[in-house]
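Reviewing the structure listed below.
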Amino acid sequence: MQNEFNAAGEKLGVTVENYDGQNQTTKQTSDVEAMIIGGVDGIVISPLDSVAMAPAVRQAVEAGIPVITVDRAVEGVDVLGHVGADNVKGGEAQADLITKLFPDGARIVNLQGQPGASPAIDRNAGLHNILDGMSDKYEIVAEQTANFAREEGASVTEAILAGLDSPPDVIVAANDDMALGAMQVVQEQGLDIAIIGFDALPEALAAIRDGTLTATIEQTPGAQSAGALEALLAYLRDGTEPEKLTLLEPFALTKDNLDQAERLSEIE
């Protein structure tokens, strides 16, 4: 996302500054405050928490700085626009893939993302949109947050597997880091469990290529950030109002269509 944002900035002839929120709301808040003090012309931000980051984003908007959110939205703030993946459809894509891989039914473990993060909420909702209506065949035997973290994905998976009478057919995770953590545990225990991630990270793509991860969901993050910058510049340069909501539709990547991955060239 950052690489494509920077490349778009160079192509469009503007200076871009990068800030790393370090997965901390306090750090991201101070970053936004620094942007306001620094007098930036516009902000593109992926807020860590849709609620906790609202005050800082509102402060920027009230200072007259146009803001476009990317990937994650903020609640209760009238930003210029939002560009992201349709995370509900992404969760639905995970569920659809499960039904294709296991047409006769499956027992499923669901590793949820960080509570309060809009992608985690939406991806979980999408998964349930499909599977809840087919509960006679598709049973979610356990679901728990692993906070989008690999180590926690591994530890939560280990604890869940220890508490089940028999292994599940599928572990579905709201991001690739948790999926890769789960994959490590499954490999260590010598189990045959399909694992589906989300985000199409290069490491996940390599694992799909090598047959250790079943699938991931592509949400074209580079297209999101570059598109947000293009929309922001159109507004700043000629007053063109962007769409309030632009959502790209995610899709499942398996070994069969790995060539469609945005970050395929980054696989080692």
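Normalising the Debye intensity of segment 5-64 to I(0), with uniform scatterers on Cα atoms only, and taking log10 at q = 0.19, 0.22, 0.30 Å⁻¹ returns -0.71, -0.90, -1.30.
Two decimals is fine: what is log10 I(q)/I(0) at q = 0.16 Å⁻¹ for segment 62-186, from a Debye sum with one equal scatterer on every Cα and no solvent? Reported log10 I(q)/I(0), two decimals: -0.77.
Average 1/r across all pairs of distinct alpha carbons in segment 137-239, invert it, and you get the Kirkwood radius: 15.0 Å.
Report note on the peptides 257-267, 70-80, 196-206: ranked by the mean count of other C-beta atoms within 10 Å, highest first, their order is 196-206, 70-80, 257-267.
Any idea what angle helix 118-131 forms with the longest principal axis of the chain, computed on alpha-carbon atoms, 0 to 90 degrees, nearest 10? Relative to the chain, helix 118-131 is tipped by roughly 40 degrees.
Think of segment 147-244 as a dipole: +1 on every Lys or Arg Cβ, -1 on every Asp or Glu Cβ, centred on the Cα centre; then among L161, G222, Q189, G222 lies furthest on the positive end.
Note on segment 205-268: the C-alpha convex hull projects to 5.2 nm² when averaged across all orientations. Per residue, the accessible area of the chain comes to 47 Å² when a 1.4 Å probe rolls over the protein heavy atoms.
Magnitude of the charge dipole for the chain, about its Cα centre and with charges confined to Cβ atoms of Lys, Arg (+1) and Asp, Glu (-1), is about 220 debye. Between helix 150-163 and the chain there is an angle of about 30 degrees, using the helix long axis and the longest principal axis of the Cα atoms.
What number comes out for the charge environment of L97, summing +1 per Lys or Arg and -1 per Asp or Glu over other residues with Cβ under 14 Å away? Its environment carries a net charge of -1. For segment 1-112, the extents of the C-alpha atoms along the principal axes are 58, 33, 25 Å, listed from largest to smallest.
Put a dot 7 Å past the Cα of D192, heading toward its Cβ, do the same for L247, and the two dots end up 3.8 nm apart. A straight line joining the Cα centroids of segment 164-195 and segment 55-71 runs 39 Å. The aspartates and glutamates within cross-link reach of K255, meaning a Cα-to-Cα straight distance under 19 Å and a gap of 8 or more places when in the same chain, are D96, D169, D176, D177, D192, D199, E203, D210, E218, E266, E268. Between helix 25-38 and the chain there is an angle of about 20 degrees, using the helix long axis and the longest principal axis of the Cα atoms.
In percent, rounded to a whole number, the relative contact order of the chain is 20, using alpha-carbon pairs under 8 Å and six or more apart.
Taking packing as the residue-averaged number of other Cβ atoms within 10 angstrom, the listed peptides 89-98, 169-178, 221-230 run from highest to lowest as 169-178, 89-98, 221-230.
Fully extending the segment from T15 to Q2, taken as 0.36 nm per residue of separation minus the present Cα-Cα distance, adds 3.3 nm. The Kirkwood hydrodynamic radius of the chain, based on inverse pair distances between different Cα atoms, is 19.3 Å.
The values are calculated or read from the model by the stated rules, or taken from the named source; none is laboratory data. Predicted, not measured: the structure shown is a model, and the values here were computed from it. For neighbour counting, all protein chains shown are included, and Cβ atoms are generated from backbone atoms with ideal geometry for every residue, glycine included. Calculation scope for accessible area: heavy atoms of the full protein, side chains included, ligands and nucleic acids excluded. Shrake-Rupley method; radii C 1.70, N 1.55, O 1.52, S 1.80 Å.
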